[in-house]
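A quick write-up on the structure given underneath.
The values are calculated or read from the model by the stated rules, or taken from the named source; none is laboratory data. The shown structure was predicted, so the numbers you read here are calculated from the model rather than taken from an experiment. With ideal geometry, Cβ positions are generated from the backbone for all residues, glycine too; neighbour counts draw on all protein chains shown.
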């Protein structure tokens, strides 16, 4: 016999309750392992990225620079915009085409019409 819509909805609700119970049970296990690791290694809130203080948090690199593999700072390469629309959207021409560029092409514009000036 085929199930009715209401039977399927009840089954979905039951499965969602079961899924939530399983998620809570798994989350409790994860939380206990995290707490154990914190106790064993002596992590502080600052180490974990919560709050201010000295810890083992990775250093922040100023915008406009990047670190090389050897730890030296180097000027970040910023691609100049190659394409631009009248809404102020820009794209360097690198990587996947952004949605605004695709939409403009579908609307009948040519890539040459969108070249930045």
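A few remarks follow.
- From 46, 39, 2, residue being more than 30 Å from residue 100 (Cα to Cα) and either assigned to a helix (DSSP H, G or I) or modelled with pLDDT under 65 (or both): 39
- Boolean, residue 117 is modelled with pLDDT under 90, surrounded by fewer than 10 Cβ atoms within 10 Å (Cβ to Cβ), in a loop (DSSP other than H, G, I, E, B) and over 24 Å from the mean Cα position of the chain (by Cα): yes
- Of the listed requirements (1) modelled with pLDDT under 85; (2) part of a helix (DSSP H, G or I), residue 112 misses just one: (1).
- Residue match in segment 77-92 (condition: in a loop (DSSP other than H, G, I, E, B), modelled with pLDDT under 75 and at positive phi): no
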